[in-house]
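The values are calculated or read from the model by the stated rules, or taken from the named source; none is laboratory data. The structure displayed is predicted, hence computed values, not measured ones. For neighbour counting, all protein chains shown are included, and Cβ atoms are generated from backbone atoms with ideal geometry for every residue, glycine included.
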Amino acid sequence: MNLKIGGEGLNKKCAVISICVLGLLIILLLAILIIDNKSYKKVGTVAYGDSLLNGKNSVKIIRDKNGNINIEENDIFKKYIITLPSKISDVPYKQKMSYLELNFDKNVSLKLNSEVKSTSLKDLYLTTDNGKYNLIIRTKYKSNNFVYINNQKNNNEVVILVSKVKKPFKYKAVLNAGHGGIDPGQSVGNIHEKDITLKIVKLMRGDLQYSGIDVVLTRDKDEGQALNDIAAFVNKNKPDVFMSIHLNGMEKNPNNYQGIGAYYYDENGFQKDERIKLANIVLKHTVHKDGWKDDGVIRDRLRVLRLSKYPCVLVETGFLTNDSDRARLLDDKILGNLASNLSDAIVEFVSKK
Ligand SMILES: [Zn+2]
């Protein structure tokens with residue numbers, strides 16, 4: 001008897017618990033639906049694959065032969081290059097569930113270059129919101145999409161990489177912008193080595209990623225780093241290649257010294273052939289372009305090279321103390337070329353490994 005009552009009581013309890021759990025599940029499901037709707041609200045239909053061009057807040061992207069939005073792609077990334085006529089300090093952006101949203105001021109004109117294939121249009125939308133233009137770029141994956149703002153003197157380039165594959169990176173490079181913080185490196189007036197080296201590595205990032213090379217910077221802002229810490233950072237990251245960027249300088253007869261030098265070091269022959277090969281590839285891609293002189297491949301017992309367990313090179317990208325090298329380093333176009341030539345050297349080195 002007791003057992004029976006006990007059994008019925010247990011059944012009732014089970015039923016109550018079941019109803020409660022079911023209720024909670026329904027509430028959870030509703031909550032997910034509401035949150036989901038909220039995150040899509042701003043651009044509404046994009047997430048469901050409809051065109052926004054007829055939507056309330058949408059603006060048609062004009063095609064123009066001088067359009068400032070260009071698109072190129074390879075097997076792993078789709079690259080959007082937006083050239084803005086004036087320097088803009090920041091373009092806020094966020095990665096949403098299925099698209100990237102970049103916020104531009106309304107006075108910025110955004111036109112698609114007419115040479116871009118019209119099939120690319122389906123991934124691109126423009127909406128207006130609170131006096132801003134929002135460029136909406138559809139993304140296939142939520143990760144491995146990148147936005148870079150390359151501040152230059154006369155114009156600004158916004159480069160957006162959208163991954164076409166789940167794992168776009170086959171290789172890894174660690175880049176070190178020499179000096180930083182209270183250590184400016186070479187200085188001529190208010191021009192400091194630490195600022196130019198940082199500019200170079202930042203310019204290299206997008207190029208390398210587009211080529212399938214993951215990029216890790218030892219610093220991405222003005223901060224000091226101990227040489228031992230840089231080497232430890234490199235070894236922790238286990239890259240296929242490590243490149244340290246510096247500028248050279250000479251106090252006496254500064255205009256007698258110029259050019260790009262590639263420094264390597266092998267402790268007791270460690271990775272000797274590989275490191276010399278890397279240094280030569282760097283010079284092959286950089287010197288005799290834009291007037292850069294060849295300062296040669298130099299063996300030097302530099303600490304970051306000595307302590308690195310991975311193939312590495314330290315590049316002195318010109319003499320800041322030399323008038324013509326300095327003019328090149330302060331020319332945005334030449335600096336951009338230099339960065340992409342250094343990136344090409346890394347791509348050649350890793351692909352021949
Ligand atoms: Zn230096």
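Some points to look at:
- Checking P311 against (1) within 20 Å of the chain's Cα centre (by Cα); (2) surrounded by 18 or more Cβ atoms within 10 Å (Cβ to Cβ), the condition it does not meet: (1)
- Considering the conditions (1) within 14 Å of the ligand (Cβ to nearest atom); (2) under 18 Å from the mean Cα position of the chain (by Cα), I191 is excluded by exactly one of them, (2).
- Identity of the residue in region 216-257, of a type in the set (V, I, T) and touching a Ser or Thr at 6+ places or on another chain (Cβ under 9 Å), that ends up farthest from K272 (Cα to Cα): T218
- Taking region 173-183 as the range and being crowded, with 16+ Cβ neighbours inside 10 Å and either more than 13 Å from the ligand (Cβ to nearest atom) or farther than 30 Å from E348 by Cα (or both) as the test, the residues that pass are A173, V174, L175.
- Residue in region 206-218 that is part of a strand (DSSP E or B) and buried (at least 21 other Cβ atoms within 10 Å of the Cβ) present: yes
- The set of residues in region 224-246 that are touching a residue at least 40 places away in the same chain (Cβ under 8 Å) and not in a helix (DSSP H, G or I) comprises G224, Q225, K238, P239, D240, V241, F242, M243, S244, I245, H246.
This table checks each residue for (1) more than 14 Å from the ligand (Cβ to nearest atom); (2) acidic (D, E).
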site	(1), (2)
K202	yes, no
D214	yes, yes
R219	no, no
N228	yes, no
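- In region 157-180, the residues that are among the aliphatic types (A, V, I, L, M) form Cβ pairs under 9 Å with partners that are assigned to a loop (DSSP other than H, G, I, E, B) and within 16 Å of the ligand (Cβ to nearest atom), at six or more places apart or across chains, as follows: V174/T218; L175/T218; A177/T218; A177/R219.
- Cβ pairs under 9 Å, 6+ apart, first in region 247-258 and more than 16 Å from the ligand (Cβ to nearest atom), second assigned to a loop (DSSP other than H, G, I, E, B) and modelled with pLDDT of 95 or more: N255/T321; N255/N322; N256/M250; N256/N322
- Summed over region 291-339, residues that are without any contact (Cβ under 8 Å) to a residue 60 or more places away in the chain, away from the ligand (no atom under 16 Å from the Cβ) and touching a strand residue (DSSP E or B) at 6+ places or on another chain (Cβ under 9 Å) total 7.
- If the condition is being outside any loop (DSSP other than H, G, I, E, B), among the aromatic types (F, W, Y) and closer than 16 Å to K96 by Cβ, then region 139-166 contributes only F146.
- Residue, surrounded by the fewest Cβ atoms within 10 Å (Cβ to Cβ), within region 230-246, restricted to residues that are among the aliphatic types (A, V, I, L, M) and more than 14 Å from the ligand (Cβ to nearest atom): A232
- Set T197, T127: member being more than 28 Å from R328 (Cβ to Cβ) and either within 16 Å of the ligand (Cβ to nearest atom) or not aromatic (F, W, Y) (or both): T127
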